[in-house]
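K.L.:
Here it is, the structure, as structure tokens.
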Amino acid sequence: MTTFVDRVELHVAAGNGGHGCASVHREKFKPLGGPDGGNGGRGGDVILVVDQDVTTLLDYHHTPHRKATNGKGGAGGNRTGSEGQDLVLPVPDGTVVLDRDGNVLADLVGQGTTFVAGQGGRGGLGNAALASARRKAPGFALLGEPGKARDIVLELKTVADVALVGYPSAGKSSLISVLSAAKPKIADYPFTTLVPNLGVVTAGEVVYTIADVPGLIPGASQGRGLGLEFLRHVERCSVLVHILDTATLESDRDPVTDLDVIEAELAEYGGLGDRPRIVVLNKIDVPDGKDLADIIRPELESRGYQVYEVSAVSRLGLRELSFALAKIVAETRAAKPAQESTRVVIRPVAVDDAGFTVTEEDGSYRVRGEKPERWVRQTDFSNDEAVGYLADRLSRLGVEERLVKAGAQAGDEIIIGEEENAVVFDWEPTMAAGAEMLGRRGEDHRFDPPRPAVNRRRDKSDKDDAQQEFDDFEAF
């Protein structure tokens, strides 16, 4: 059974906002006491939080669909709906968040670091909040905004100071087991280590972490063996340690060739050329291994490598190696610039920036912007008064004026929103706007067809007025 997962695709969905309530206060002797519909509650967010106790993404491998709770709808009596509960997802330290196209959204390093993967929808306003001096009793409320849903990829990159790299069965697991308290699986066959192992080493006053990366082989950077799957775990390390087997039983291998092959794979993977290297000649407790180490050491040192001869079994040379690694780690930490607290940058919106755009697309006009799209999502199109309220808001924002400048004519198709959930309607630029156009609750006469009976009464009234004026003139 898989116990270590370092890459998963996660489908997150934030909670939807609750709908606002359209209600009228009623009590004895006050049948119409004014609007008292409450606002809907906010939907819950989906938040990723770094937790040091979490070391794998296994939970999200088994259950990749995660959703926060929705906000509750408002109620009469000015009662606001309860907010949805945020969904907090713990992730290991060193988790990188990417979108499906591979773009990095966040790099989560450090206990408590957070990232909002999905933002909950706003709650809709009730009719009490929509009331004004001109619209005293709105017969509608705004809908809750849908929560943001997205697909993200989580990749775990081990946060360690030292990375042990080398061929399978070179002794990496044995070395980390004696340098630290880690207890990796150790056996005399290749690819015993299937997952990275972490250990904590104390050398004097320096405490650092060391990672044992699964064995690399030729072609690892192209996906052969386990290399490509775990090479990402060496990206954050301060120093790379080549573990070379001086007592290998394979006749076609030698330590210098192994070093060249691993360096070629690291160069092919990229991004690791600036890391300091240390070469460790392992298994010198074997007589042939000690002899071979003495032969190849001068050549390795001529290349500029620091070379250490050790034995994980007899623990020869481990103290010198541990303190050498601690020195490099301390120097690397001292060279890093001090972390500054995150500055809050406020970028005010320009006075003349309406926050939307109007573009022509194949004879239609598309309106894009945060406010227009949010207003459309929160409009109940089954309620004429709500549609009229949307028209008023768009007019005040300057959408109609911008459409005229863009060349839109009466009857042209107007699209507001994204492709998958856009609202399409025919534009009527002469449409009047204002609360004085409202009729009965829940109606807007701007969207009503002319009623024949009303027209007949209006015609009769006009004729009577004209006849009365004629009679008055004759009498004079």
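K.L.:
Principal axis lengths of the stretch 61-138 from Cα atoms, whole Å, largest first?
P.N.:
Cα extents, longest axis first: 55, 23, 23 Å.
K.L.:
Moving to a separate point now. Give a quick list of trypsin sites (Lys or Arg not before Pro) in the stretch 85-140 that DSSP marks as loop, anything other than H, G, I, E or B, with at most 13 other Cβ atoms within 10 Å.
P.N.:
For trypsin sites (Lys or Arg not before Pro) across the stretch 85-140 that sit outside H, G, I, E and B with at most 13 neighbouring Cβ atoms in 10 Å, the list reads Arg100, Arg134, Lys136.
K.L.:
Further, regarding this structure: Compute the distribution of all C-alpha to C-alpha distances in the stretch 263-317, in bins of 5 Å from 0, and list the percent of pairs in each, rounded to whole numbers.
P.N.:
Per 5 Å bin, starting at zero, the Cα-Cα P(r) for the stretch 263-317 comes out as 4, 19, 21, 19, 16, 13, 6, 1 percent.
K.L.:
Mean 1/r over all different Cα pairs, inverted: what Kirkwood radius does the stretch 1-151 give, in Å?
P.N.:
17.2
K.L.:
Normalising by the residue count of the stretch 9-102, find the relative contact order in percent from Cα pairs under 8 Å and 6+ residues apart.
P.N.:
Averaging sequence separation for qualifying contacts and normalising by length gives 37 percent for the stretch 9-102.
K.L.:
Here is a further query. With a 10 Å radius around each residue's Cβ, average the other Cβ atoms per peptide and rank 158-169, 293-304, highest first.
P.N.:
The packing order, highest mean first, is 158-169, 293-304.
K.L.:
In the structure shown, do any of Lys72/Lys371; Lys30/Lys136; Lys67/Lys148 have a Cα-Cα gap over 18 Å, and if so which?
P.N.:
Lys72/Lys371
K.L.:
Going highest first, how would you order 396-409, 57-70, 78-91 by mean Cβ packing within 10 Å?
P.N.:
78-91, 57-70, 396-409
K.L.:
Right, here's the next one. Could you calculate the contour length gain from Gln85 to Arg275, that is, 0.36 nm times the residue separation minus the distance between their Cα atoms, to one decimal place in nm?
P.N.:
64.0 nm
K.L.:
Let me check the size of the stretch 71-185 from its C-alpha atoms; what are the radius of gyration and Dmax in Å?
P.N.:
My reading of the Cα-based Rg and Dmax gives 25.3, 82 Å.
Any read-out appearing in this document is the output of simple, stated calculations on the displayed coordinates, not a laboratory observation. What you see is a predicted model, and the numbers here were worked out from it, not measured in a lab. In this analysis, Cβ positions are derived from the backbone assuming ideal geometry, glycine residues included, and neighbour counts consider all displayed protein chains.
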